Structure formats: structure tokens, C-alpha cells
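A.B. asks: Supplied in C-alpha cells, the structure appears directly below.
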Amino acid sequence: MKVAFSLSAVLLTLGSSTAFSPSVRTTRTTSSLSASVEQATASASTSKDSHDAPLLIRAARGEQVERTPVWMMRQAGRHIAEYRELCKTYPTFRERSEIPHVAVEVSLQPWRNYQTDGCILFSDILTPLPGMGCEFVIDEKKGPVMASTIDSWDKLDTIHALDPTKSTPFVAETLQLLRQEVGPETAVLGFVGCPYTLATYLVEGKSSKEYLEIKKMALNEPELLHAILQKLADNIGDYALYQIESGAQLIQIFDSWAGHLSPRDYDAFAAPYQKQVLDKIKAAHPEIPTVVYIKHSGALIERMAATGVDVVSLDWTVDMADGRNRVEAGRKAACLSGRGGVQGNLDPAVLLGNHDMIKERTEEILKKAGNTGHVMNLGHGIEACTPEENAKCFIETVRNYRHDA
């Protein structure tokens with residue numbers, strides 16, 4: 001722990017806000033880290049079926065584990081005082097996520113503070129879009145805003161093939177540094193946005209409450225939407241592989257806004273493209289566990305499981321016991337073997353309650369989930385107003401819990 005902290009502190013001291021330049025920031029350490037991350041990846045591959053893999057990875061594979069692992073979606077960020085202080089030096093999200101030593105420091109803060117079993121890359125689902133020709137800015141209050149929309153066939157060619165080595169080398173450097181920092185017991189987690197959710201930003205131009213523009217395209221010009229989704233699926237699959245080859249030990253795919261779709265439209269515009277990304281990952285790296293998350297996905301759980309994903313991340317609106325049964329049923333209906341894993345699913349609002357309530361609600365979920373194939377998490381990202389001591393209480397409750405023999 002002390003060694004990791006000192007390395008990240010040195011890295012943070014070396015940087016400044018003027019380092020926000022892709023052509024400069026990645027050349028310093030990427031080559032020197034390549035050999036070490038390749039060695040670590042090779043070691044993980046050769047021992048992928050052994051007890052040496054991180055606890056979280058073994059649980060995501062459905063193996064018997066000594067305790068349930070835990071991390072939190074959006075665990076790095078505004079609820080942590082250190083992060084808010086860092087924002088004074090690096091005021092934009094893209095600085096914080098695209099300058100490697102800053103992204104490493106932010107990624108490590110919850111791991112150091114709470115001892116989470118997973119350390120997730122601090123980034124954004126939109127990060128690969130500029131490398132496809134789709135520029136955006138992140139307004140600190142309004143969220144992502146696209147430079148232009150993709151709303152016609154004439155604009156489709158705006159989306160071009162992604163070369164992550166050229167457009168997102170900072171992602172590789174951050175993952176490589178994280179693998180060095182956290183050591184073998186903690187899983188380094190990568191993530192990508194799914195084609196449908198990314199398409200909502202390209203078509204709507206920004207965040208939306210109703211997603212009417214993309215729904216209108218789905219109804220009136222479905223071929224155009226499918227063409228957009230296909231381009232995104234090809235690129236996002238490659239981006240996921242790039243993260244794995246840079247050190248990510250698990251990939252979570254976020255189709256956050258697919259929960260706004262009817263089951264019929266989910267089957268047409270979301271699930272097939274999720275599956276393309278998942279299939280590309282498994283074809284190249286069958287040892288890498290995959291997780292899918294969709295907000296407000298209660299109506300879609302069986303369909304999510306049928307994509308072949310290893311773990312379905314349940315939101316807080318679903319009872320854990322029911323969710324486990326529905327994941328198993330969805331896999332069976334799709335002729336997939338195994339029960340399938342689950343992640344989640346404490347309501348993030350519970351972390352605003354007292355410690356007794358946090359402990360009671362957390363242990364209820366742990367008991368219902370059982371002792372295999374479960375990664376404890378929240379049902380959505382942690383709220384910015386969450387007290388740090390409450391987040392720590394949640395993590396410690398999970399780490400201290402033991403299932404009955």
C-alpha cells in the first residue's frame with residue numbers, strides 16, 4: 001500500500017495541466033511499461049485457471065471463492081475529498097481522464113481508501129469517439145456535448161475506423177501503470193460503452209431524458225441506425241481488445257440507456273451489437289470475464305443474459321434472488337451452459353443512511369446472491385453526496401461477510 005501510494009504521488013507531482021497533449025503525455029513511460037505489462041498479462045494467462053488470479057476475477061468466472069469481492073461503479077470521483085481537491089489543478093474531466101498520471105491517481109483513490117477488490121480505469125464511455133471522427137466536450141454541469149450529430153446518411157461517413165494506439169494511447173499507459181500499482185490481489189477493470197448507448201449521443205447530440213431523436217430514427221430510418229450501430233460495434237470491440245492487451249483483466253460493457261427501449265427494440269437495436277462486442281472479446285481472450293450493465297433493466301434481464309455475457313450487473317430495482325433465477329433462465333433459453341454470474345445491486349441511496357442500515361441491506365443481498373458467481377456492487381454509480389465513511393462501511397461489510405458453509 002505505501003509503495004503504491006508513493007509511486008502515484010510522484011507521478012502526480014510530475015504532471016501539470018499543461019501536459020494535456022496526446023503527442024507528449026504518452027511517450028515518457030509507455031515503452032518502458034510495455035514489457036512489464038506483457039509479462040503480467042502472460043502470467044495471468046498461464047495461471048488463469050489457478051488460485052493466483054485476483055478474487056474478483058475468480059468470482060466473475062463462477063469459481064468457488066473464499067469471500068464475495070466488492071467494488072463500486074463510479075467509485076472514483078466526486079464523493080472523495082482528494083478528488084475534489086485534484087479538480088482544482090485539473091479542472092476538466094478530459095484532463096483528469098486523459099493525462100495518464102492523473103487518471104492513475106484518481107483510479108487509485110478509492111482502492112487506497114476502501115480496499116476495493118477491483119480498481120477500474122478512470123475514463124468515460126465517450127473517450128474513444130474522437131478517434132472515430134466524433135468530437136465532443138464535457139460540460140462540467142451539462143455533461144457531454146457532441147460537436148455535431150450523425151442524423152443522416154450523408155453524415156454516416158463521419159464515423160471512421162478506430163486506431164486506439166493513435167487516438168487513446170493514454171488509456172494503455174493508465175492501465176499499465178495500474179497493473180504495476182495495485183499488485184496481483186486486485187483486479188484492474190476496463191470498460192466500454194455499448195453501441196446503442198454511444199449512438200444516443202451521436203444522434204441526440206447530448207444527454208437526453210426521453211431519447212426521442214434516436215427512437216424516431218429507429219422507427220423511420222432503421223437501416224441508418226443499424227449502419228451507425230455496426231460501425232460502433234466494430235470499433236468498440238477493437239477498443240475493448242486494446243484495453244485487455246494493455247492490462248485490463250475484466251471488461252464491463254455499459255449500455256446504460258438501452259433500458260429506455262421496449263423489449264422488441266432492445267432485441268433489434270441493442271442486444272445484437274452488445275453480442276458482437278462480447279463475441280469479439282471472447283474470440284481473442286476467452287479467459288477475460290465480461291459484465292454488462294443497463295440502468296433500469298428489470299424488463300430485460302433474461303435478454304441480457306442471453307447475449308452470453310459472463311456476469312449481468314443488476315440495478316437496485318431487482319430483487320437479487322429473483323435476478324439470479326432470471327439470469328439462469330435467460331441463459332437456459334439461449335442454450336448457454338452454466339448459471340451465469342451477477343453483480344450488484346445495493347441501491348446507492350442506501351449509502352446515505354446510517355451504518356446499521358447499510359450493513360443490514362448489504363448483508364441481505366449477499367445472502368440472497370450466495371457464495372459463487374457474485375460480485376458485490378451498487379445498483380448504479382455511487383452518488384456524489386455520499387459520505388466517504390459510509391462508502392467505507394459498505395466495502396468493509398462485504399469484506400467481513402462470510403457465507404455459511
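A.B. asks: Within the bounds of region 253-260, is there any residue that is closer than 29 Å to K166 by Cα and part of a helix (DSSP H, G or I)?
C.D. replies: Checked region 253-260: at least one residue is closer than 29 Å to K166 by Cα and part of a helix (DSSP H, G or I).
A.B. asks: Now for a separate question. Kindly provide the set of residues from region 304-355 that are under 22 Å from M73 (Cα atoms), part of a helix (DSSP H, G or I) and among the charged types (D, E, K, R), ordered by number.
C.D. replies: Across region 304-355, the qualifying residues are D322, R324.
A.B. asks: Suppose we keep only residues that are assigned to a loop (DSSP other than H, G, I, E, B) and under 12 Å from N371 (Cβ atoms) within region 53-83. Which one would you say is nearest to the chain's Cα centre (by Cα)? I'd like the intermediate steps shown before the answer.
C.D. replies: So the first thing to find is which residues in region 53-83 are assigned to a loop (DSSP other than H, G, I, E, B), and the list is 53-54, 61-63, 65-69, 71-80.
Going one step further and asking which of them are under 12 Å from N371 (Cβ atoms), we end up with 62-63, 65-69.
Working: G62: 19, E63: 21, V65: 22, E66: 24, R67: 22, T68: 19, P69: 16 Å.
Selected residue: P69.
A.B. asks: Quick check on region 367-405: of everything there that is open to solvent by 10 Å² or more (accessible area, probe 1.4 Å) and in contact with an Asp or Glu (Cβ under 7 Å, 6 or more places away or on another chain), which residue is farthest from K141 (Cα to Cα)?
C.D. replies: If we take residues in region 367-405 being open to solvent by 10 Å² or more (accessible area, probe 1.4 Å) and in contact with an Asp or Glu (Cβ under 7 Å, 6 or more places away or on another chain), then Y401 is farthest from K141 (Cα to Cα).
A.B. asks: Here is a further query. Within region 130-166, count every residue that is assigned to a loop (DSSP other than H, G, I, E, B), charged (D, E, K, R) and either more than 15 Å from K231 (Cβ to Cβ) or free of Cβ contacts under 8 Å to residues at least 40 places away in the same chain (or both).
C.D. replies: Pass one, region 130-166, residues assigned to a loop (DSSP other than H, G, I, E, B): 133-135, 140-142, 147-152, 157-163.
Then keep just the ones that are charged (D, E, K, R); that gives 135, 140-142, 151, 157, 163.
Filter once more, so that each one left must be either more than 15 Å from K231 (Cβ to Cβ) or free of Cβ contacts under 8 Å to residues at least 40 places away in the same chain (or both): 135, 140-142, 157, 163.
Selection size over region 130-166: 6.
A.B. asks: Tell me which residues, restricted to region 345-360, are loosely packed, with under 15 Cβ neighbours inside 10 Å and in contact with a Pro (Cβ under 9 Å, 6 or more places away or on another chain).
C.D. replies: Across region 345-360, the qualifying residue is only L352.
A.B. asks: How many residues are in contact with a Pro (Cβ under 9 Å, 6 or more places away or on another chain) and among the small types (G, A, S) when one looks only at region 274-290?
C.D. replies: So the answer is 0.
A.B. asks: Which ones in region 84-116 are assigned to a loop (DSSP other than H, G, I, E, B) and open to solvent by 10 Å² or more (accessible area, probe 1.4 Å)?
C.D. replies: Listed by number, the residues that qualify are C87, K88, T89, P91, T92, Q115.
Each row is one residue, and each column tells you yes or no for (1) crowded, with 17+ Cβ neighbours inside 10 Å; (2) among the hydroxyl-bearing types (S, T, Y); (3) at pLDDT 95 or above.
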site: K141; (1), (2), (3): no, no, no
site: V145; (1), (2), (3): no, no, no
site: I150; (1), (2), (3): yes, no, yes
site: D154; (1), (2), (3): no, no, yes
site: P164; (1), (2), (3): yes, no, yes
site: P169; (1), (2), (3): yes, no, yes
site: E173; (1), (2), (3): yes, no, yes
site: G193; (1), (2), (3): yes, no, yes
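A.B. asks: Test each condition in (1) over 24 Å from I253 (Cβ atoms); (2) open to solvent by 80 Å² or more (accessible area, probe 1.4 Å); (3) outside any helix (DSSP H, G or I) for E364 and report the one that comes out false.
C.D. replies: (3)
A.B. asks: Still on this structure: Condition first: in contact with a Gly (Cβ under 9 Å, 6 or more places away or on another chain) and open to solvent by less than 50 Å² (accessible area, probe 1.4 Å). Now tell me which residues in region 260-283 satisfy that.
C.D. replies: The answer is Y266, V277, L278, I281.
A.B. asks: Any residue in region 171-196 that's in contact (Cβ under 8 Å) with a residue 12 or more places away in the chain and among the basic types (K, R): show its pairings with residues that are assigned to a strand (DSSP E or B) and open to solvent by less than 10 Å² (accessible area, probe 1.4 Å) at Cβ separation under 8 Å, as long as the two are six or more apart or on different chains.
C.D. replies: Once the first residue is in contact (Cβ under 8 Å) with a residue 12 or more places away in the chain and among the basic types (K, R) and sits in region 171-196, its partners that are assigned to a strand (DSSP E or B) and open to solvent by less than 10 Å² (accessible area, probe 1.4 Å) give R179/V188.
A.B. asks: Considering only residues that are within 23 Å of R112 (Cβ to Cβ), among the hydrophobic types (A, V, I, L, M, F, W, C) and in a loop (DSSP other than H, G, I, E, B), which ones fall in region 367-405? Lay out the reasoning, then the answer.
C.D. replies: Quick first cut of region 367-405, residues within 23 Å of R112 (Cβ to Cβ) only: 375-378, 381-401.
Within this subset, residues satisfying the condition of being among the hydrophobic types (A, V, I, L, M, F, W, C) are 375-376, 378, 382, 384-385, 391, 393-395, 398.
Listed by number, the residues that qualify are I382, A384, C385.
A.B. asks: Return the pairs, sorted by first residue and then second, in which the second residue is open to solvent by 30 Å² or more (accessible area, probe 1.4 Å) and in a loop (DSSP other than H, G, I, E, B), the first residue lies in region 75-96 and is more than 12 Å from P110 (Cβ to Cβ), the beta carbons are less than 6 Å apart, and the residues are 6+ apart or on different chains.
C.D. replies: E95/F20
A.B. asks: Among the candidates Q176, Q115, Q180, which residue alone is of a type in the set (S, T, N, Q) and at positive phi?
C.D. replies: Among Q176, Q115, Q180, only Q115 is of a type in the set (S, T, N, Q) and at positive phi.
A.B. asks: If only one of S313, S246, S256 is among the hydroxyl-bearing types (S, T, Y), within 14 Å of the chain's Cα centre (by Cα) and buried (at least 23 other Cβ atoms within 10 Å of the Cβ), which one is it?
C.D. replies: Working: S246 fails: within 14 Å of the chain's Cα centre (by Cα); S256 fails: buried (at least 23 other Cβ atoms within 10 Å of the Cβ).
Selected residue: S313, the only one of S313, S246, S256 that is among the hydroxyl-bearing types (S, T, Y), within 14 Å of the chain's Cα centre (by Cα) and buried (at least 23 other Cβ atoms within 10 Å of the Cβ).
The values are calculated or read from the model by the stated rules, or taken from the named source; none is laboratory data. These numbers were taken from a predicted model, which means no experiment stands behind them. With ideal geometry, Cβ positions are generated from the backbone for all residues, glycine too; neighbour counts draw on all protein chains shown. Ligands, DNA and RNA are excluded from the accessible area calculation, which covers all protein heavy atoms including side chains. Shrake-Rupley method; radii C 1.70, N 1.55, O 1.52, S 1.80 Å.
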